[in-house]
Every structure is written in structure tokens, then in C-alpha cells.
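Following: one structure in C-alpha cells, then a few remarks.
The values are calculated or read from the model by the stated rules, or taken from the named source; none is laboratory data. This is a predicted model, so every value here is computed, not measured. Heads up, the Cβs are rebuilt from the backbone with ideal geometry, glycines too, and the neighbour counts pull from every protein chain shown. These accessible areas exclude ligands, DNA and RNA; they are computed on the full protein's heavy atoms, side chains included. Shrake-Rupley method; radii C 1.70, N 1.55, O 1.52, S 1.80 Å.
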Amino acid sequence: MSGGSQRLRNWSSSLSWRPADVWEPDSVGQLGEMLTDALTAGRRVRPLGRKYSFSGAIVDDDVALDLHRLSDLSIATRGDASSALGRALTEDAWRDPSTAGYALVGAGVSLDALCAAGASRGVAPFVLGGSSGQTVIGAFSTSTHGAAFDLPPLPDFVEGLYLLTGERQHWIERGRAGPLLDPAQLPALLGAPGGLITHRDRELFDAAVVSLGGIGVIAVALIRLRDAHALMNERLWPRRAWTKLRPALLSGDAFERPPVDGADGLPGKYRYLELIFDPYDRDETTAWVCTRHLVDAPGGDPSPALRGSPNLLKFARTIGTNFARYSKALSVLVETSRLRGVDDAGEPLLYELTEVMNTGVPTSQPVWSFELVWPAASEDYLRFLDQALALVRQKWAAGRPFMGLFTLRFSKSTTAHLAMQHDANPSARYAHVEISPLQDVFNNSSRLSDNNVEFLDAMFAIPTTREARLHWGQGDWSSLRFDARRYPRLESWRKSARQLADADGALFRSPFLEEAHVRF
Ligand SMILES: Cc1cc2nc3c(=O)[nH]c(=O)nc-3n(C[C@H](O)[C@H](O)[C@H](O)COP(=O)(O)OP(=O)(O)OC[C@H]3O[C@@H](n4cnc5c(N)ncnc54)[C@H](O)[C@@H]3O)c2cc1C
């Protein structure tokens, strides 16, 4: 345990704050004692993952709970019951034929560590986002997603949660069938000190799995894994005009086959689609179309990780002091980070184990990121893009260019109550538009340029943003009002939160959660 005050920063250095204390529990037992003490003393506790969030979801001025020491990770694969986890998994755990294994991860375990441990056992997560630097639990706590347009986000592959809400401790499973873990073996497996309350309840699970640390601390989670696989980028597709891409998105054809010429006959199943826009292309807005196909995992180690920050620096250097080079700089960024699927040494990138942007941005290069989320069945997100991209071109023509990135990805829905992709319909698809404004590189300033602030204000005034939800980890609540009242199951979340919480839940309140109406 370490105490005392220290200044904390998020991954991108866009946020910094000084909590009254930073606590670092060594074990689940010590975590339980800390929470009991905090409850008695009337303090507030904010659980932290790797602080990859760009939003105030990680910020509070009382206790910051650094969980990196809870780094236990165990994996069991189908047919191998030699580990304690393998022995505790019941027959029900293996009924779904797509399940190749399970991982039990502590709160300090990163996605990267999970992928590496899984690769050595022939198993892998079903889906990942664009980075593997986050903790597994921090990532699903905000419903992190990738670009697999036919798969739900991370929370849907979580099967069990060990949640500490103060003096109470819960083990919560989804309750699909019988228990997945033998209740008699649970306390020893979790390192739980005793008094564990077990639930198999869909409602409680859907409330707790995406809860932004607002109900309690998830000390351990059970994650379902599939067989090892790779995602390959076979080709660097030429940029396409937005006016050509838009109809394929609207009709849904873009999810049947890549919206590019010459994609027929590529090996593997088409699974991944990401558009990276270039609103500075000379005649009209274009986009790089990044596609990936699912193939069997090749033998041997995955290729070396791709480092994103050097790419970002290359991008900034290419612009130099001349904004006319922005389009060129963007293509440098895309080519070195996304489309070719090669690392800086020219090795093909295999698996989803790509360490994109895991190294952090140097403090002089803060990055902001906003992600707006809409149901893909409605045209709202396309209308938003039409207007936002036109706005970029207008500002450019007026000599006041917006500097940053626009990307578009998709995922399927989830039933988690507070997930941005929450939908009662399991086959609904959601569109994720990410806008990452950069600091004023020309003036080497550490803040957003007035131009970018002006642009963001205008962008958030576009009418269809009224229908959008904001990514919990990618937004800024001080300037926006996208709160939890946009979520149809907010009252269900509150009811379950009250059932699980200790006392009135004040232990896990924070200014961000209050403002976002994530309170009960
Ligand atoms: C480089 C980069 C790439 C990214 N790419 C994507 C992407 O492709 N797709 C996407 O959807 N998002 C993406 N994000 C956003 C990121 O995935 C989320 O913000 C994620 O929640 C961060 O995980 P973390 O481990 O850093 O958790 P933190 O940011 O530290 O915490 C996130 C939230 O979870 C809570 N929390 C953390 N640990 C626990 C715990 N043990 N128990 C209870 N609550 C907890 C925190 O209180 C906070 O509310 C990216 C961010 C960065 C910086």
C-alpha cells in the first residue's frame, strides 16, 4: 500500500489531477480492508485501470485506487482441467462450442498480458479495440469496442464479476444456465476472505459489467476466450470518395463485402471495417478503407508490437509548419499505423495483439478524443458525418483549419444497461464516430487551438448529436451534456446498483458520475 498525494495524468496527458491519497492494494484481502476503512471514514474511492480514458471517469480528488498489483492471471482451455481454474469450471461453462477457454484476470491485468498468455495456450479474446494497453476490467467498464462489425463490444465476453462494494463482496454470473464456476471452489479461486454473496442474475450482471466504477471495485473477472486467430490486412486500398462510400454504408452492403474494388477472393472471413477520413483531399472528402480478414493463427510468436506514438510524431513532423501538408501527413499516419498491417520493421502484423499506441504520448503532445455513438440502422450518423466533414472543409477554405482525425467503426449491440451500444435487439449494429483533435502543433502549445475549440462547438451543435451517446471513456463532461438519461435502462441500472451497493453507494461517487447522472 502506498499513500500520500501525487499528481496523476491520463494516458494522453489531456487530464491531470491530484487526489488526496493514492492507495495500491497488494491483494484482494487488503483491498477489502481498505474499502471497509474508507466506508467507515466517509471517504470516496475511484478505481483506476491504466488511465487510458480521456474523460473525467477516472478523476476524483479523494482516494485514487491504483490496482496494478492485482495482476493474477490464469487461463484454462477446453479439455485441460489441470489448473485450479480448469478444475472449478463446470460442464455448463463448455456448452457453447465457440468457447475455447477462460481467463480469470485481476484488476491490474492488461489486455496485452491477456493476449500474450492466451497466445501461448492457443486461445484469444473474441474482440479487441485499437489498443491493448488498457486493463481488461477498465476496458469493459466503459464498453470498449473494436471494428469487428458483427461482434458485440468487450462486456459481452465477460462471464463473471467479483465486485467489492465496501463491506460486501459479490460474485455475479450472467445466469444463462447453471453456475460456470463451482461455488464451493469460488472463495479460494478468487482469494476472497469470506462472506461472498453469489448471484446468477442477468439484470445484476448487465448493471455491474459497465458501471464506470460507480457501484464498486471489480477485483477479478472471468473472461470467455475463443481459439487463437489472426486478423490480416491484405491490401492497402486506395482512398475512396465519401460520396461513394456513404451509399454502401446506408444499404448495409459495406458489411457484406469491403466497399472497395478488388476485394473479392481475399482469404478469410471479412470481419473488420474502419474508415479514416481525409477532409483535406483536394477535390472532395475521401477516406482510407481499412479492412481485415479473419484467418487461422499462424504458428510461432505474433509479430512485434506496433508502436503508435512514433507514428503520431511522424505525423506531426510531416505537417511541420505548413498546413497544406496535412493530407500527406495523414497518409503517413495511416500507412504506418493501420492499413498495411506491418510494423516499422516491415513484419506483417498478425493476431489482434497489436500494441497500437500503447506507449503514451509525450507530455508536450496531449491528445483529446471524443467518440459519438449511434444505431447504424438510422441515417443519423451519416448525416452527422456529412455536416461535420463539410464544416472541416469550410474552415479550411476560410484559412482556419481544424486539426485532428476522424474515424468510423462499427460494433454489434450489448444488453449491458449503460453500454453506449445498449440495445434490446441483439442484432442491432452501432456506428462509432471518433474525433481526435490535436493540440496546436504549429505553436507547440499544450492546449487545443482556438480553431479546434470553435470547431468542436460547431460540431456538437449539429442536430443529430442529440440522438447520440458519448463513449464513457472518450468525451469531456465539462463541456458536453450527453448524460445517462439517454440510456433506456438507466432505472434498471439504478435498481440493481442499489441492490448491490453498501449503504447509499456514496463510496464510489465522483463529480463526473454525478454530472453524467450515473448515480442511484
Ligand atoms: C490509445 C487509446 C486507444 C483506445 N482505443 C479504443 C478503442 O479502440 N475502442 C474503444 O472503445 N475505446 C478505446 N479507448 C478508450 C479506452 O478503451 C477506455 O477509456 C477504457 O475504459 C480505458 O481502460 P483503462 O484500463 O485505462 O481504465 P481507466 O481509464 O483507468 O478507467 C476506466 C473506467 O473504469 C473504471 N474502472 C477501472 N478499473 C476498474 C475496476 N477494477 N473496477 C471498477 N471500475 C474500474 C474507472 O473508474 C473508470 O470509470 C482508447 C484509449 C486510448 C488511450
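Quick notes on this structure:
- Some residue of segment 479-490 being open to solvent by less than 60 Å² (accessible area, probe 1.4 Å), in a helix (DSSP H, G or I) and on the phi < 0 side of the Ramachandran plot: yes
- Pair list, Cβ < 6 Å and 6+ apart or interchain, from segment 56-72 residues that are in contact (Cβ under 8 Å) with a residue 24 or more places away in the chain and open to solvent by less than 40 Å² (accessible area, probe 1.4 Å) to residues that are part of a helix (DSSP H, G or I) and near the ligand (Cβ under 9 Å from one of its atoms): Gly56/Phe512; Ala57/Phe512
- The C-beta contact set for segment 229-242 (first residue part of a loop (DSSP other than H, G, I, E, B), second residue at pLDDT 75 or above, distance under 6 angstrom, 6+ apart or interchain) comprises Asn233/Arg292; Glu234/Leu266; Trp237/Val260; Trp237/Val289; Arg239/Thr286; Arg239/Trp288.
- Of the residues making up segment 190-203, at least one is over 17 Å from the mean Cα position of the chain (by Cα) and within 30 Å of Arg409 (Cβ to Cβ).
- Among the residues listed as Ala376, Ala424, Ala398, Ala428, the single one being in contact with a Phe, Trp or Tyr (Cβ under 7 Å, 6 or more places away or on another chain) and either closer than 15 Å to Glu274 by Cα or away from the ligand (no atom under 14 Å from the Cβ) (or both): Ala376
- Filtered by the rule that a residue be at pLDDT 85 or above, touching a Leu at 6+ places or on another chain (Cβ under 6 Å) and in a loop (DSSP other than H, G, I, E, B), segment 259-288 gives Pro259, Pro279, Thr285.
- In segment 1-40, the qualifying residues are those that are out of contact with any Leu (no Cβ under 9 Å at 6 or more places or on another chain) and aliphatic (A, V, I, L, M), and the one that is nearest to Leu163 (Cα to Cα) is Met1.
- One residue stands out in segment 128-142 among those that are over 18 Å from Tyr270 (Cβ atoms) and more than 6 Å from the ligand (Cβ to nearest atom): the one that is surrounded by the most Cβ atoms within 10 Å (Cβ to Cβ), namely Val136.
- Some residue of segment 41-61 being away from the ligand (no atom under 12 Å from the Cβ) and either of a type in the set (A, V, I, L, M) or modelled with pLDDT under 95 (or both): yes
- You will find that of Leu181, Leu104, Leu204, Leu196, the residue that is at pLDDT 95 or above, more than 13 Å from the ligand (Cβ to nearest atom), closer than 16 Å to Ala416 by Cα and touching a helix residue (DSSP H, G or I) at 6+ places or on another chain (Cβ under 6 Å) is Leu204 and no other.
- Leu294 falls short on exactly one of the conditions (1) aliphatic (A, V, I, L, M); (2) more than 30 Å from Ala117 (Cβ to Cβ); (3) modelled with pLDDT under 90, and that condition is (2).
- When each of Glu167, Glu159 is tested for being in a strand (DSSP E or B) and surrounded by fewer than 24 Cβ atoms within 10 Å (Cβ to Cβ), the lone residue that passes is Glu159.
- Between Arg43, Arg121, Arg78, the distinction of being of a type outside the set (A, V, I, L, M) and under 24 Å from Thr142 (Cβ atoms) belongs to Arg43 only.
- For the condition crowded, with 22+ Cβ neighbours inside 10 Å and more than 13 Å from the ligand (Cβ to nearest atom), Ser496 qualifies.
- Boolean, Leu245 is modelled with pLDDT of 95 or more, open to solvent by less than 60 Å² (accessible area, probe 1.4 Å) and within 16 Å of the ligand (Cβ to nearest atom): no
Let's see how each residue does on (1) open to solvent by less than 20 Å² (accessible area, probe 1.4 Å); (2) modelled with pLDDT of 95 or more:
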| site | (1), (2) |
| --- | --- |
| Pro125 | yes, no |
| Thr144 | yes, yes |
| Arg176 | no, no |
| Arg200 | no, yes |
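- Residue within segment 383-399 that is in a loop (DSSP other than H, G, I, E, B), hydrophobic (A, V, I, L, M, F, W, C) and open to solvent by less than 40 Å² (accessible area, probe 1.4 Å) present: no
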